[in-house]
Amino acid sequence: MKARSPTHTLAVLALVSFVMLLGVGIVVPMLPSYAQGLGATATQIGLIFAAFSLSRTLLTPVIGALADRSELKGLMIAGLAGYAVLSLAYAGADTPAQLIMIRLLHGMASAFVIPLAMSYAATIAGEGQEGVYMGSLNMALFFGMGAGPLIGGLLTDGLGPASAFYALAALSSLALGLAVILLPPLRRERPKGGEGTLKGILKSRELLGLLLFRTINALGSGNLMAFIPILARRSGLSTTAIGVLITTNIFVTGSLQRPFGRLVTPANTIRMILIGSGLSIAALASLPLASGFMVYLALGCLMGLGGAISMPAASVLVLEHGRALGMSATMGIFDASMGLGMILGPLASGVIMDYLGIEYVFYLGGLVSALGMCVFMTLAGQRPAVGGILKGGGVSPKRRGP
C-alpha cells in the first residue's frame, strides 16, 4: 500500500519521525549510568554524547547533496535499517570505546533519516501549504522527543537498561516498516541554473544569515536542557518537578508547531522568526531570576511558545531557498548548522559555569542568542524597530529566492 496523496504522505513522514525520535529519547535517560557501569569517565561520557552529533553534523550536508541526485525513499530506508541494526549493538557493548564508536555510527545513520524526511515534506508541500507541512513534521519530532525520556525512564527502572536498547531497536524497525510499505518513491529534479548549493548560500545574504543564526542560537541556548536541571535543583525543585518543566517546554513547542505553521506566509517569515526568538531569549535570560516551580514553569512555557512561533517560519524560509538550490542539500546544511552549535554549546557552557557560575550560562547564552538574531537581521536586510516588527513592517517583496 502506498501513500495516495501529499497529505497521506505527510502523515506517514510524521509517524516515521515520531517513532524515530521516541526511540532516540528512550535511550537518553539511562545512557550516562550505563556508560558508567562500563567504566566510563566523565570525559568519555561527554564523548559518547558528542559522537552522535559530530558524525551527524559532518555527514548531513553530504547526504543532502546526494539526495538531490538520488531517490529519497531508498536513502531513508537505508538509514532506518542501519539505525535498527545499530540499536542492538548498544546492549553488546563491553567498553566505553565501543559505545563511542556505536554512537558515531548511529549519528551517521540518523543523517539519512530526519533531514531527508524534512526534505520529503518540503518537496510535496503545495504553494501556500509550506508552513502547515513543516509545522506538522516539527510537531511529530517534538512529541517523540518529549515522550521518549519518560518512557525510557520507566522501562529502565522496571526492566533494566537493556530494555531501552531493545525498545529503540523495535521502534526503529517499526519506522523502517512504515517507510517501506507506505512511503511513495520520490526523486527531486535538480534545480535549473547549475549553481552549487554552497555557492548559492554565499550569494544569499538572507539564507546565510539564517544558517549563522541557527548555529549561534544553538550555541547560546540549544544545550541548556543540561543546565536547567542544575539551576532548578539549586532553587529547591525536585527531580520530578524538573522533569515536568522540561517535558512541558517540549510539548508546548511541539503542540503549537502546526497552528503557527498555518500563519506563515512569504511576507511574514522573518517577522515570525524575530518575534519567536525574542520571546525565547527573554525567557532564557530570566531563568536565573526565577524562584519557585510556577515561575520556572511560566518561563519554560514562554520559551516553548517562542520556539513554536519561530521554527515553522525558519523551516519555510529554508524551503523557499531549497527550491532554487536543491531541497535536500539545503535542508541538510540547515540541520548541520544547528548540530554545530549543539556540539560547541555544551563545551562553552561548561567552561562558563566553572569560571563564572551557573547564572552566567543563561545570561551569556541569552546575549549570544541576541547577537545571533542581530546578525540574521543584518544579513537579511531587516533592521526594524520593535514596534515595526510587531506591526508587520519591513519585509521586502523581493526577498524570495537567492
Within segment 115-131, the residues that are among the hydrophobic types (A, V, I, L, M, F, W, C), within 18 Å of residue 314 (Cβ to Cβ) and surrounded by fewer than 24 Cβ atoms within 10 Å (Cβ to Cβ) are 125
Checking residue 86 against (1) in contact with a helix residue (DSSP H, G or I) (Cβ under 6 Å, 6 or more places away or on another chain); (2) touching a residue at least 40 places away in the same chain (Cβ under 8 Å), which single condition isn't satisfied? (2)
Scanning segment 28-76 for residues that are closer than 30 Å to residue 323 by Cβ and hydroxyl-bearing (Ser, Thr, Tyr), the one surrounded by the most Cβ atoms within 10 Å (Cβ to Cβ) turns out to be 60
Picked from segment 318-334 (must be more than 15 Å from the chain's Cα centre (by Cα) and closer than 16 Å to residue 261 by Cβ), the residue surrounded by the fewest Cβ atoms within 10 Å (Cβ to Cβ) is 320
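Kindly indicate which of 315, 310 is touching a residue at least 60 places away in the same chain (Cβ under 8 Å), surrounded by 24 or more Cβ atoms within 10 Å (Cβ to Cβ), within 20 Å of residue 260 (Cα to Cα) and among the hydroxyl-bearing types (Ser, Thr, Tyr). Walk me through how you get there before you give the answer.
Working: 310 fails: touching a residue at least 60 places away in the same chain (Cβ under 8 Å).
The match here is 315.
List the helices (runs of 4 or more DSSP H) that sit entirely inside segment 299-402 and contain at least 3 residues that are of a type in the set (Phe, Trp, Tyr) and either at pLDDT 80 or above or more than 15 Å from residue 206 (Cβ to Cβ) (or both).
The helices (runs of 4 or more DSSP H) meeting that bar are 358-379.
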Output the helices (runs of 4 or more DSSP H) that fall wholly within segment 1-94 and possess 1 or more residues being under 24 Å from residue 334 (Cβ atoms), or say none. 6-27, 42-67, 72-89
Taking into account only those residues within segment 11-21 that are modelled with pLDDT of 85 or more and touching a helix residue (DSSP H, G or I) at 6+ places or on another chain (Cβ under 7 Å), which is nearest to residue 258 (Cα to Cα)? 14
List the pairs whose first member sits in segment 42-54 and is more than 13 Å from residue 339 (Cβ to Cβ), whose second member is in a helix (DSSP H, G or I), and whose Cβ atoms are under 6 Å apart, counting only residues at least 6 apart or on separate chains? 44/96; 45/32; 45/35; 47/100; 48/35; 48/99; 48/100; 48/103
Candidate set: segment 258-289, residues that are closer than 17 Å to residue 136 by Cα and of a type in the set (Lys, Arg); chosen: the one surrounded by the most Cβ atoms within 10 Å (Cβ to Cβ): 258
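To keep it simple, each residue is scored yes or no on (1) over 15 Å from residue 175 (Cα atoms); (2) hydrophobic (A, V, I, L, M, F, W, C).
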| position | (1), (2) |
| --- | --- |
| 23 | no, no |
| 49 | yes, yes |
| 92 | yes, no |
| 103 | yes, no |
| 110 | no, no |
Among the residues listed as 237, 245, the single one being surrounded by fewer than 24 Cβ atoms within 10 Å (Cβ to Cβ), in contact (Cβ under 8 Å) with a residue 12 or more places away in the chain and outside any helix (DSSP H, G or I): 237
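The values are calculated or read from the model by the stated rules, or taken from the named source; none is laboratory data. Predicted, not measured: the structure shown is a model, and the values here were computed from it. Neighbour counts are summed over all protein chains in view; Cβ atoms, including those assigned to glycine, are modelled from backbone coordinates with ideal geometry.
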